[in-house]
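The values are calculated or read from the model by the stated rules, or taken from the named source; none is laboratory data. What you see is a predicted model, and the numbers here were worked out from it, not measured in a lab. Cβ placement follows ideal geometry from the backbone for every residue including glycine, while neighbour counts extend to all protein chains displayed. Note: accessible area is taken over every heavy atom of the protein model, side chains too, but ligands, DNA and RNA are not part of it. Shrake-Rupley method; radii C 1.70, N 1.55, O 1.52, S 1.80 Å.
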Protein chains: 2
Amino acid sequence: MRLTVDNINQHIVAAKYAVRGELAVKSEEYRAKIAAGDAADLPFEHVISANIGNPQQLDQKPLTFFRQVASILENPQLLQSEEALVQHLGYKTDVIERAKWLLSKVGSVGAYSASTGVPAIRESVAKFIERRDGFPADPSKIYLSAGASSGVNTLLHTICANPNTGILIPIPQYPLYTATLALLNAKAVPYLLDESKNWGTDLEIIRASYDKAVEEGTDVRCIVIINPGNPTGASLPEEDIRAVLEFANEKNLVVMADEVYQTNVFVGKFHSFKAVLRRLQEENPGKFDGLELASLHSISKGMVGECGHRGGYFELVNFDPEVEANIYKFISIMLCSPVIGQCIVELMVNPPKEGEPSYELYQKEYNGIFEGLRERATALHKAFAEMEGVECAAPQGSMYLFPTITLPEKAAEAAAAEGRKPDEFYCMRLLEATGICVVPGAGFGQKEGTLHFRTTFLAPGTEWVGSIVKFHQEFLDKYR
Amino acid sequence: MRLTVDNINQHIVAAKYAVRGELAVKSEEYRAKIAAGDAADLPFEHVISANIGNPQQLDQKPLTFFRQVASILENPQLLQSEEALVQHLGYKTDVIERAKWLLSKVGSVGAYSASTGVPAIRESVAKFIERRDGFPADPSKIYLSAGASSGVNTLLHTICANPNTGILIPIPQYPLYTATLALLNAKAVPYLLDESKNWGTDLEIIRASYDKAVEEGTDVRCIVIINPGNPTGASLPEEDIRAVLEFANEKNLVVMADEVYQTNVFVGKFHSFKAVLRRLQEENPGKFDGLELASLHSISKGMVGECGHRGGYFELVNFDPEVEANIYKFISIMLCSPVIGQCIVELMVNPPKEGEPSYELYQKEYNGIFEGLRERATALHKAFAEMEGVECAAPQGSMYLFPTITLPEKAAEAAAAEGRKPDEFYCMRLLEATGICVVPGAGFGQKEGTLHFRTTFLAPGTEWVGSIVKFHQEFLDKYR
């Protein structure tokens with residue numbers, strides 16, 4: 001019997017991943033049409049991919065120091081002409097020193113590394129965490145991964161023991177979580193974030209979700225928190241994090257902290273789960289010593305934005321050594337994460353320091369990207385504030401806004417006639433009219449009766465923001 | 001309840017992956033000890049990692065053309081100083097042209113690509129397959145992957161529908177297959193390769209394995225072939241491939257052809273499953289039109305040896321479009337394979353051509369690596385031929401030899417006393433005595449009552465071969 005959609009793995013068939021779903025595919029078709037000069041019938045000249053946090057596809061330039069080092073790692077023969085690098089190609093001496101140091105630790109970037117990553121890079125990550133948090137970190141508990149996605153995949157694979165395993169997942173969420181749980185045939189236990197409080201966590205809601213799942217017989221083992229939030233853009237205050245840790249400790253839940261947007265914070269300060277846990281441990285000797293925490297980071301986001309290099313790490317706190325041995329084995333089967341991506345992790349956690357030759361340019365580029373993101377977030381938020389039937393929390397962090405949209409009843413009817421949810425229908429029309437690709441709220445989960453879409457604020461310029469405003473008004477006029 | 005080895009995913013606990021198992025971990029401990037200058041008590045000065053096909057960890061240098069192009073892809077600012085690249089750094093003009101072309105197709109290597117890979121690179125792969133096979137290839141059926149391992153993972157995830165799904169796997173095999181099937185809770189249906197015929201496939205054995213599995217109620221859906229063989233080093237003649245395709249067609253099995261060693265062939269010629277299938281189709285119009293074939297390739301092996309870059313692809317022939325849509329979705333969840341690895345796939349399938357400025361050096365490096373591998377394979381084979389109780393087929397292909405070893409009864413008793421299989425015991429003593437890490441045959445599967453180990457022939461020099469000979473004699477003397 002040939003493979004058909006009915007006889008292959010039904011967990012893949014059941015999984016949903018809207019970020020690269022129908023809308024994204026259609027937008028790529030438009031892009032190809034435009035590239036082929038075959039776009040006379042389209043009402044727009046460019047496709048704007050606001051569906052995915054992919055900074056370097058849009059305006060964001062890579063950080064010069066990172067890419068200069070990477071160029072030497074790819075071609076160490078360049079070191080035979082150091083003078084030419086410095087005099088003719090503008091490489092600073094600290095670029096050359098760092099490349100030499102990495103090569104001495106990595107060997108060739110074309111060789112497999114140890115399964116968990118190059119030991120010296122894991123040490124750099126541990127030192128970074130120590131500086132960030134003010135508490136020690138153990139390099140042997142750092143696992144380098146192919147982006148944070150691969151780390152999430154590893155951790156969920158490990159924790160999900162059977163179809164009855166439940167994982168508390170924020171709603172709205174980045175769909176990697178529900179998609180992976182669908183593949184693993186485990187249960188997502190959704191807890192709603194509180195839109196009225198800037199999409200913060202509400203412990204009463206979490207507790208109610210947990211209790212309901214346990215009542216139904218689900219074996220809830222872990223709580224996922226995404227901070228800063230995706231798709232919400234929320235940046236959690238320390239008290240929310242404390243409350244989650246208290247609750248996880250009470251219920252013996254593994255805490256999985258997705259902290260890939262930790263440098264994309266516009267309001268307040270980023271608090272890592274690890275630091276808050278350590279503070280709780282200091283304040284309450286012994287009480288939290290059984291709590292298991294996994295926190296994830298990535299080179300794909302922040303001012304680094306090196307998605308295509310697939311680099312990241314996760315740190316494990318307080319995991320059982322036999323469990324870690326099985327995590328090691330799971331990772332080993334795929335051999336290792338991309339080694340040049342591992343090197344970029346090292347550069348991210350150990351960038352040029354004040355006084356070093358590359359510092360000034362690095363700082364200028366880094367701040368320029370940060371300010372650019374903030375400006376675009378603010379401009380987009382301002383546009384949303386002026387749109388009829390659109391409400392949107394002020395941008396706090398990450399790369400996204402997630403406005404609520406209120407659509408006329410006739411639009412919902414037209415959507416139903418097409419077999420779509422109203423927000424999917426809205427986003428499809430937006431793409432067709434403007435070339436702008438966003439993701440409907442349905443792709444992340446949303447409170448029943450509400451509609452949203454997620455857009456990145458990475459695209460340059462303001463013209464596209466104007467296109468959204470214009471489309472929205474026309475859409476309302478049509479279906480009113 | 002905290003995570004313990006008893007309550008996590010038991011399919012991970014059950015999976016076995018010896019290539020990076022206890023011996024590999026111990027060898028890394030030795031390596032760290034030596035690096036720390038703390039090796040006075042060790043009877044050797046170096047660790048030789050002959051356990052894994054990792055060419056650039058050992059003697060193999062990266063191909064200059066590939067890495068020069070990659071250095072520009074990492075730092076496109078180098079193109080602002082083309083003259084300096086050519087005059088001071090020895091870059092040829094075709095390096096610069098290729099880098100420009102790739103950048104025009106890829107954008108930044110720091111951006112996510114389309115889930116299945118950069119379209120222009122998929123087109124290059126299709127053209128390569130056409131040149132190799134003499135039959136057309138469709139770029140839309142090429143999926144770029146993070147090494148072949150990731151492709152195998154995708155395909156097995158798709159095919160394995162439930163615990164009753166069976167996949168025919170050669171024994172001995174590369175343990176990625178059995179490990180992934182263990183994770184998926186599906187059934188490996190082993191078929192023995194025929195050591196007496198240079199580890200070729202024997203259709204009667206395959207048929208008997210299939211029949212037995214079907215009798216037991218297993219839903220056999222796919223047959224895996226590794227050609228050239230890992231760990232066996234076999235290079236299949238065309239008639240073996242034809243027989244497998246005939247059988248798969250008869251039984252409606254998906255054929256998964258792992259062809260990552262396709263350029264590591266010392267004896268005869270590599271025949272791709274795709275080309276042989278197309279020939280069968282020409283000879284038998286209509287008969288094979290329902291046969292599904294997936295063939296995999298990688299940048300990790302051959303003369304390229306870029307394991308650390310995690311690049312590869314698979315080509316699908318005759319898969320149902322709805323099944324392909326689900327494969328696309330599965331891949332999308334992990335976003336895309338490393339983009340610089342995708343670029344190296346492009347260089348592998350489209351290397352410098354005769355008459356182009358980089359051709360001469362490329363050809364010299366390529367041939368040098370090929371000849372070096374052949375020489376070392378031959379030297380190692382010669383040593384094995386002279387060792388008492390060791391039998392080894394002549395090297396035909398891939399990067400491995402897989403000798404049979406006959407050990408004294410007392411050695412088996414000593415192994416049992418340690419709770420080890422005899423070949424594991426032998427390999428552990430070899431590592432402790434010489435620093436040479438090989439993988440016991442038990443890690444790949446072997447015919448009952450036989451013992452083997454797998455060694456790569458990548459390590460430079462002949463001293464380590466002498467160490468194996470010396471150890472073996474002492475081992476025999478001790479347990480005789």
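Between residue B:220 and B:166, the built amide H atoms are under 5 Å apart, and every one of these is 5 or more places off in sequence or on another chain. Restricting the GluC sites (Glu not before Pro) of the stretch B:390-429 to loop positions (DSSP other than H, G, I, E, B) with no more than 13 neighbouring Cβ atoms within 10 Å leaves B:418. By the Kirkwood approach, averaging reciprocal distances over each pair of separate Cα atoms, the stretch A:1-114 gets a hydrodynamic radius of 19.1 Å.
Residues whose amide H lies under 5 Å from that of residue A:50, counting only those 5 or more places away or on a different chain, are A:437; hydrogens are built 1.01 Å from N in the peptide plane. Counting only Cα atoms, the size of the stretch A:106-193 along its three principal axes is 42, 34, 21 Å, in decreasing order. Ranked from shortest, the separations from the 7 Å Cα-to-Cβ label point of residue A:162 to its equivalents in the other copies are 1.8 nm. Translational diffusion coefficient of the stretch A:342-409 (Stokes-Einstein, Kirkwood radius from Cα pairs, 25 °C, 0.890 mPa s): 166 µm²/s. Here is how far apart the residue A:367 label points are across copies: 5.8 nm, shortest first, using a point 7 Å from Cα toward Cβ. With the charge dipole of the protein assembly as shown set up from +1 on Lys and Arg Cβ and -1 on Asp and Glu Cβ about the Cα centre, the Cα lying farthest toward the positive end among the listed residues A:190, B:166, A:232 is that of A:232. Per residue, chain B reaches -14500 deg cm²/dmol at 222 nm when only DSSP H runs of four or more residues are counted, each adding -39500 (n - 2.57). With 5 Å bins beginning at zero, the pair-distance distribution over Cα atoms of the stretch B:309-385 amounts to 3, 11, 11, 13, 14, 13, 9, 12, 9, 3, 0 %. Note that the stretch A:401-462, at 25 °C in a medium of 0.890 mPa s, gets a Stokes-Einstein diffusion coefficient of 202 µm²/s from its Kirkwood radius over C-alpha pairs. Straight-line cross-link reach from residue A:141 at under 15 Å between alpha-carbon atoms covers these aspartates and glutamates, not counting any fewer than eight positions away in the same chain: A:123, A:130, A:292, A:315, A:320, A:322, A:324. Against the empirical 2.2 N^0.38 Å (N residues), the stretch B:264-347 has a Cα radius of gyration ratio of 1.34. Of the trypsin sites (Lys or Arg not before Pro) in the stretch A:241-334, the ones in a loop by DSSP (not H, G, I, E or B) with at most 12 other beta carbons within 10 Å are A:269, A:287. Considering all C-alpha pairs of chain B, those separated by over 37 Å amount to 30%. The three principal axes of the C-alpha atoms in the protein assembly as shown carry coordinate ranges of 86, 71, 70 Å, sorted with the longest axis first.
Keeping the other protein chains in place, figure out the carbon and sulfur percent of the accessible area of the stretch A:370-429, with a 1.4 Å probe.
51
Here the stretch A:329-455 is described by how far its Cα atoms reach on the three principal axes: 61, 43, 27 Å, from widest to narrowest.
Between A and B, buried accessible area from a 1.4 angstrom probe totals roughly 7500 Å², ignoring ligands, DNA and RNA. Any lysines with Cα under 28 Å of the residue B:470 Cα? List them, leaving off those in the same chain fewer than 8 positions away. Result set, ordered by chain and number: B:26, B:33, B:382, B:410, B:421, B:447, B:478. Label-point distances for residue B:246 to the equivalent site in the other copies, using a point 7 angstrom along Cα→C-beta, read 7.4 nm when ranked shortest first.
By the rule of a C-alpha distance below 22 Å, with chain neighbours fewer than 8 residues away ignored, the lysines paired with residue B:61 are A:100, A:105, B:92, B:301, B:353, B:364.
Near the amide H of residue B:235, within less than 5 Å, lie the amide hydrogens of B:229, all on another chain or at least 5 residues away, with H placed in the peptide plane. For the stretch B:171-312, the equivalent ellipsoid derived from the Cα gyration tensor has semi-axes of 23, 20, 15 Å, listed largest first. Relative to the globular-protein estimate of 2.2 N^0.38 Å, the Cα radius of gyration of the stretch B:161-202 stands at 1.27. Here the scattering of the stretch A:1-59 is modelled by Debye summation over its C-alpha atoms, one equal scatterer each and no solvent; at q = 0.12, 0.24, 0.25 Å⁻¹ the log10 of I(q)/I(0) is -0.47, -0.99, -1.03.
Shown in residue order for the stretch A:87-103 are the 3J(HN,Hα) couplings computed by the Karplus curve 6.51 cos²θ - 1.76 cosθ + 1.60 at θ = phi - 60°: 7, 9, 10, x, 6, 7, 5, 6, 4, 5, 4, 5, 4, 4, 4, 4, 4 Hz (x for Gly and Pro).
Legend: calculated FRET efficiency, residue A:41 to residue A:4, from the Cβ-Cβ distance at R0 = 45 Å, rounded to 0.05, equals 0.80. Computed across the stretch B:154-245, the Kirkwood hydrodynamic radius from all distinct Cα-Cα pairs reaches 13.4 Å. Shielding value for A:325-332 is 6, the average number of Cβ atoms from other chains within 10 Å of each residue's Cβ. Contact order, relative form, for the stretch A:125-239: 24 percent (alpha carbon pairs under 8 Å, 6 or more residues apart, mean separation divided by residue count).
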